[in-house]
Amino acid sequence: MRHIISVLLENESGALARLVGLFAQRGYNIDSLTVAPTEDPTLSRLTLVTHGNDQVIEQITKQLHKLIEVVKLTDLSEAAHIERELMLVKVKAVGEQRDEVKRSADIFRGQIVDVSATTYTVQLVGTSDKLDAFIQALSGTQILEVVRSGVSGISRGEKTLAL
Amino acid sequence: MTSQSKHAEMLSGAAMVIRALADEGVEYVYGYPGGAVLHIYDALFQQNKVKHVLVRHEQAATHMADAYARATGKAGVVLVTSGPGATNAVTGIATAYMDSIPMVVLTGQVMSHLIGEDAFQETDMLGISRPIVKHNMSVRRPEDIPYLIKKAFYIAQSGRPGPVVLDIPKDMTIPSNKFPYHYPDEIKLRSYQPKLKGHSGQIKKAVSALLAAKKPVLYSGGGVIMGGAAAELTELAQYLNLPVTNTLMGLGAYPGEDKQFIGMLGMHGSYEANQAMHHADLILAVGARFDDRVTNNTKKFCPNATIIHIDIDPASISKTINAHIPIVGLVQPVLEEMLATVKQKKKKLDSSALEQWWQQINDWRAVHGGRYDTTSALLKPQHVIEQVSKITKGEAFVCSDVGQHQMFAAQYYKFNKPNRWINSGGLGTMGFGLPAAMGVKLNFPQADVVCVTGEGSIQMNIQELSTCKQYGLGVKIINLNNGYLGMVKQWQDMNYESRYASSYMDSLPDFIKLAEAYGHVGIRVTKPEELQPALQRAFVELKDQLVFLDIHIDPKEHVYPMQIPGGAVNEMFLSKTERT
């Protein structure tokens, strides 16, 4: 099953390498990973998408906890949460395709953020499923490049992951 | 010098390293000098609180420090240079990591501005050591050195212990750059707060389950040894008359000669221990991690047992075997609280059920009982260990290498005290035994310290005979010489129709001459009747000297019992011709 694990990490050199190394060392999967400092520059917030059965996910969270630089973590997918991913897609846009791509982007509430004589670059924000669906919708178009940020997530309601 | 003062002493980074070690109470540092740590070695030279032990290969330094930690519970300290000095220490760091041994390893590094430029003797030690340490850090500013050293000791020794590497670029230790020195009393980290006491509700639940058991087994591991809980474990077991089995790492937690001790369990565990585990209705696992060398096939493991699991590391709980009643905490306070709760309840286990259970266990005991051929004209390794156990009254520090001899030592030496059985259980590091024995002997000069080894393992760190000469380390080397890599050969006998691919140790040295060349005494034993006089000479007449006993044993001997791969915990070969 897919899980979204959110981690507060000391913003120190080597901390991210240690965390990523743990996944490689113990054979866990990383489907996506995003990381950046928070409003407190000593802390990084990291969102990691992984999959595995309950036993594997339990081990992942326990092993992450053991890393000295991990301050706190939570499995967002255990409760109501919001997840977002950003995607930039560069597509071939000539002739009829130009209108077609524009229409699809509008339907998905994407924005065309760059234009050239033969290409459009579309920016789209949403859940990973929505981004997948948009790529599906472009099946008649020649996709030149896809860049996805990986998932960022946060709990709904008053629940927080903070010091 | 632990309080902050306006007039703090001004010290160089190099001097701070050594002063911090002294303030931490470190007596010995094990190491080997080289370019990147020369400032630190110069600071070592200019004081006399911290003493340095010069090994002949950095791996030996790590095993010496590791064995000191296993014998005392305190972190051992290693000092090596950058590049090859650091990489030579890697095997020893991994050995400590696998067995959760506290150790602080100071590695030199090239100057900060050269890092990343493939400088002479540069290697990314933080990257290399990351998967085999509890934590690692590098020095960015010389004034941070005291704090980082305190932090290294704190992390290494607290919670589930483990090795910590501190990488020190050479420019952090320049003698002329001085900074105010202050050694912190304690360290608090927001991201690391190991749990100490166990959850009282869980402890109560565990006690109720334990008191309701009809076929209980107490299974304890290395956590009880390093957690200093042998006394509490023994008291609880004796108060409730529980059968006790120890893992390879846990031997000595319960007296080996006591009737409630049913032997080691697992791959080469006793018949009765493995049978008792399989048929138990309750297993009280203390500081043990259900390692694959214990469980055999996890799907068939202990089918009827309720499992109580006490461990400091939450990640060890339900990792391979699901725990019904998990208790996270230090084993010593948890056992203490369990004992208090049991006594408060004024209740014991159903005595008739327990009596039946003991009857069954004693019947199992009679089946194999550690038997071996005592009529052979050849020396049997089991007999040698039994005799060493006798002459040292079960109180020696026994430092083992890895292989058949390690299993014979674990099975036939009767450990009556904790912290006396010192072996590489998790990583299985050949070459561990001699340096380990040296580390113990240096710190316990009056004690009998035995290195049980084989002609394969001993040659992996034999250069340390020179270090033994330099520091007068009178360890007794029991070289169980069968002319083969015995455990490899045993597997080749059992699984490869005796095709001995590279398991024959051809062109062995004359170990007697070798010992003598290093300035020690060597005694060769080739016949059974020569054993007693040789042991007498080594352990009594030449008490203070290093004696290398080269004991030629039956080359065909196998270690039994031996679990059948893929089977349940109690499915075993009992000899070359018998199985369960």
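Can you find, among B:P243, B:Q536, B:N443, the residue sitting farthest towards the positive end of the charge dipole of the protein assembly as shown, where Lys and Arg contribute +1 and Asp and Glu -1 at Cβ?
Ranked along the dipole, the leading option is B:P243.
Please compute, over every Cα-Cα pair in chain A, the percentage with a separation greater than 28 angstrom.
On the way: 4558 of 13203 pairs.
The calculated P(r) of chain A puts 35 percent of pairs beyond 28 Å.
Output the Kirkwood hydrodynamic radius of region A:82-152, Cα pairs only, in Å rounded to one decimal.
Numbers: mean 1/r = 0.0838 Å⁻¹.
Kirkwood hydrodynamic radius for region A:82-152: 11.9 Å.
Specify which residue in the list B:V384, B:A288, B:G329 is farthest towards the positive end of the charge dipole of the protein assembly as shown, using unit charges on the beta carbon of Lys, Arg (+1) and Asp, Glu (-1), about the Cα centre.
B:G329
When a/c reaches 1.5 or more, the comparison of a/b and b/c decides; with that in mind, is chain B rounded, prolate or oblate per its Cα gyration tensor? Don't jump to the answer; show the numbers that get you there.
Numbers: a/c = 2.01, a/b = 1.26, b/c = 1.60.
Oblate, because a/c is 1.5 or more while a/b does not exceed b/c.
What are the residues whose amide H is under 5 Å from the amide H of A:S32, where those residues sit 5 or more places off or on another chain and H is modelled from the backbone?
When sequence neighbours closer than 5 places are left aside, the close amide H contacts are A:V49.
With each label point set 7 Å from Cα along the Cα-Cβ vector, what nm distance links A:D106 and A:A137?
So the label points at A:D106 and A:A137 sit 1.2 nm apart.
Quick check: residue separation of B:E541 and B:T577 times 0.36 nm, minus the Cα distance between them. What number comes out in nm? Before the final figure, lay out the partial values.
Working: separation 36, 0.36 × 36 = 12.96 nm, distance 4.23 nm.
Full extension of this stretch gives 8.7 nm more.
Distance from a point 7 Å along Cα→Cβ of B:K299 to each backbone N in region A:53-70: keep the residues under 19 Å and list them by number.
A:53-56
How would B:D167, A:D75, B:D124 line up from fewest to most surrounding beta-carbon atoms within 10 angstrom?
On the way: B:D167 23, A:D75 16, B:D124 13.
The fewest-first ordering by Cβ neighbours comes to B:D124, A:D75, B:D167.
Using a 10 Å cut-off around each Cβ of peptide A:9-18, what is the average number of partner chain Cβ atoms that fall inside? Could the numbers behind the result be given before it?
Details: counts 1, 4, 0, 2, 4, 7, 1, 0, 3, 6.
Per-residue shielding by partner chains comes out at 3.
Could you calculate, for the protein assembly as shown, the ratio of the Cα radius of gyration to the Kirkwood radius, expressed as Rg to Rh? All intermediate terms of the calculation are to be shown ahead of the outcome.
Details: Rg = 29.5 Å, Rh = 28.6 Å.
That ratio equals 1.03.
Within 10 Å of each residue's Cβ, count the other Cβ atoms and sort B:T375, B:T295 from fewest upward.
By the 10 Å Cβ count, ascending: B:T375, B:T295.
Which value in nm describes the separation of the simple spin-label points at B:A8 and B:K347, placed 7 Å from the Cα toward the beta carbon?
Reported label-point gap for B:A8 and B:K347 is 5.7 nm.
Starting from the Cα of B:L189, step 7 Å toward the Cβ, then list every residue of region B:148-176 with an amide N under 20 Å from that point.
B:148-169
Evaluated at 25 °C with a viscosity of 0.890 mPa s, what Stokes-Einstein diffusion coefficient in µm²/s does region A:2-78 have when Rh comes from the Kirkwood expression over alpha-carbon pairs?
Details: Rh = 12.4 Å.
Translational diffusion coefficient: 198 µm²/s.
Residues with beta-carbon under 12 Å from that of A:L19, excluding A:L19: net charge, scoring Lys, Arg +1 and Asp, Glu -1? Walk me through the numbers before you get to the answer.
Working: positive: A:R18, A:R26, A:K66, B:R130; negative: A:E10, A:E12, A:E69.
Once positives and negatives cancel, what remains is +1.
Taking one equal scatterer on every alpha-carbon of region B:307-350, how large is log10 of I(q)/I(0) by Debye at q = 0.13, 0.15, 0.17, 0.27 1/Å?
Each listed q maps to, in turn, -0.34, -0.44, -0.55, -0.92.
If you build the convex hull over the alpha carbons only and average its shadow over all orientations, what do you get for region B:355-414? Give it in nm² to one decimal. Intermediate results must be reported in sequence, preceding the final value.
Numbers: hull surface 22.6 nm².
Mean orientational projected area (region B:355-414, Cα hull): 5.6 nm².
To the nearest whole percent, what portion of all C-alpha pairs in region B:278-399 is separated by more than 24 angstrom?
Numbers: 3994 of 7381 pairs.
When every Cα pair of region B:278-399 is considered, 54 percent fall beyond 24 Å.
Any idea how many Lys pairs in region B:200-367 come in under 16 angstrom at the alpha carbon, given 8 or more places apart or on separate chains?
15
Could you compute the FRET efficiency for B:Q532 and B:V367, with r as their C-beta to C-beta distance and R0 at 25 Å, rounded to 0.05?
Details: r = 30 Å, r/R0 = 1.21.
For R0 = 25 Å, the calculated efficiency reads 0.25.
Let me have the relative contact order for chain B, percent, based on Cα pairs under 8 Å that are six or more residues apart.
So the answer I get is 14 percent.
May I ask you to compute the full-extension gain from B:A340 to B:F120, defined as 0.36 nm times their residue separation minus their alpha-carbon distance, rounded to one decimal in nm?
Numbers: separation 220, 0.36 × 220 = 79.20 nm, distance 5.98 nm.
Contour length minus Cα-Cα distance gives 73.2 nm.
Using θ = phi - 60° and the Karplus form 6.51 cos²θ - 1.76 cosθ + 1.60, what ³J(HN,Hα) does each residue of region B:275-289 get, whole Hz, x for Gly and Pro?
These are the phi-based 3J(HN,Hα) values: 5, 4, 4, 5, 9, 5, 9, 8, 10, 9, 9, 10, x, 10, 10 Hz.
Using R₀ = 41 Å, calculate the FRET efficiency as 1/(1 + (r/R₀)^6) where r is the Cβ-Cβ separation of B:H199 and B:S507; round to 0.05. Working shown, then result.
Working: r = 59 Å, r/R0 = 1.44.
For R0 = 41 Å, the calculated efficiency reads 0.10.
Near the amide H of B:V53, under 5 Å away, which other amide H atoms are found, from residues 5 or more places off or on another chain, if H is placed in the peptide plane?
B:V29, B:Y30, B:G31
Multiplying the sequence separation of A:E96 and A:L144 by 0.36 nm and subtracting their Cα-Cα distance, what value in nm do you get? Walk me through the intermediate numbers first.
Working: separation 48, 0.36 × 48 = 17.28 nm, distance 1.72 nm.
My answer for the length gained is 15.6 nm.
Per 10 Å bin, what percent of the C-alpha pairs of region B:65-195 does each bin hold, from zero upward?
Values per bin, smallest distances first: 13, 43, 34, 10, 0.
Within 10 Å of each Cβ in B:307-317, how many Cβ atoms from other chains are there, averaged over the peptide? Display every interim value, and only then the final one.
Working: counts 0, 0, 0, 0, 0, 0, 4, 6, 9, 1, 2.
The per-residue average across the peptide is 2.
For B:402-408, what's the mean count of beta carbons from other chains sitting within 10 Å of each residue's beta carbon? Don't skip to the answer; put the middle values down first.
Values: counts 0, 0, 0, 0, 0, 0, 0.
Per-residue shielding by partner chains comes out at 0.
What are the principal axis extents of the Cα atoms in region B:187-230, in Å, biggest first?
Cα spread of region B:187-230 along its principal axes, largest to smallest: 46, 25, 13 Å.
Give me a comma-separated list of calculated 3J(HN,Hα) values for region A:55-67, in order, Karplus coefficients 6.51, -1.76, 1.60 applied at θ = phi - 60°, integers in Hz, x for any Gly or Pro.
5, 5, 5, 4, 5, 4, 5, 5, 5, 4, 4, 6, 5
Modelled label-to-label distance, B:K51 and B:E235, 7 Å Cα→beta-carbon offset: nm?
Computed distance between label sites B:K51 and B:E235 equals 3.5 nm.
Based on C-alpha coordinates, I'd like the Rg and Dmax of region B:200-367, in Å.
Cα-based Rg and Dmax for region B:200-367 come out at 14.2, 41 Å.
Give me a comma-separated list of calculated 3J(HN,Hα) values for region A:28-45, in order, Karplus coefficients 6.51, -1.76, 1.60 applied at θ = phi - 60°, integers in Hz, x for any Gly or Pro.
Calculated HN-Hα couplings, in order: 8, 8, 10, 7, 7, 8, 10, 7, 6, x, 9, 5, 9, x, 7, 10, 9, 10 Hz.
If I take all pairs of Cα atoms in region B:106-163, what percentage of them are more than 20 Å from each other? Can you show the working numbers first?
On the way: 537 of 1653 pairs.
Here the long-distance tail beyond 20 Å is 32 percent of all Cα pairs in region B:106-163.
Indicate, rounded to the nearest 5 percent, the antiparallel portion of the DSSP beta bridges found entirely in chain B. It would help to have the intermediate numbers written out before the result.
Numbers: 8 of 72 bridges.
So the antiparallel bridges amount to about 10 percent of the total.
Once you treat every alpha carbon in region B:524-576 as an equal point and sum by Debye, what is log10 I(q)/I(0) at q = 0.15 Å⁻¹?
With one equal scatterer per Cα and no solvent, log10 I(q)/I(0) is -0.62.
Would you mind checking which residues have amide H under 5 Å from B:V521's amide H? H placed 1.01 Å from N; only 5 or more apart, or other chain.
Under 5 Å from the amide H of B:V521 lie the amide H atoms of B:L546, B:F548, each far enough along the sequence or on another chain.
What translational diffusion coefficient, to the nearest whole µm²/s, does region B:470-522 have by Stokes-Einstein, given a Kirkwood radius computed over alpha-carbon pairs, a temperature of 20 °C and 1.002 mPa s viscosity?
Values: Rh = 13.3 Å.
Rounded to a whole number, D works out at 161 µm²/s.
Obtain the radius of gyration and the Kirkwood radius of region B:445-559 from its C-alpha atoms and give Rg over Rh.
On the way: Rg = 15.1 Å, Rh = 15.0 Å.
So for region B:445-559, dividing Rg by the Kirkwood Rh gives 1.01.
Arranged by the count of other C-beta atoms within 10 angstrom, fewest first, what order do B:E58, A:E158 take? Mind dumping the intermediate values first?
Values: B:E58 27, A:E158 5.
Arranged by neighbour count, lowest to highest, B:E58, A:E158 become A:E158, B:E58.
Charges at C-beta only: +1 for Lys and Arg, -1 for Asp and Glu. How large is the resulting dipole of region B:120-238 about its Cα centre, in Debye rounded to 20?
Values: 17 positive and 10 negative charges, 134 e Å.
It works out to roughly 640 debye.
Could you work out the equivalent-ellipsoid semi-axes for region B:1-122, taking the square root of 5 times each eigenvalue of the Cα gyration tensor, largest first, in whole Å?
23, 21, 13
Quick note: the coordinates plus some simple rules give every number you see, no bench work behind them. All values reported here derive from a predicted model rather than from experimental measurement. Neighbour counts run over all protein chains shown; Cβ positions are idealised from the backbone, glycine included.
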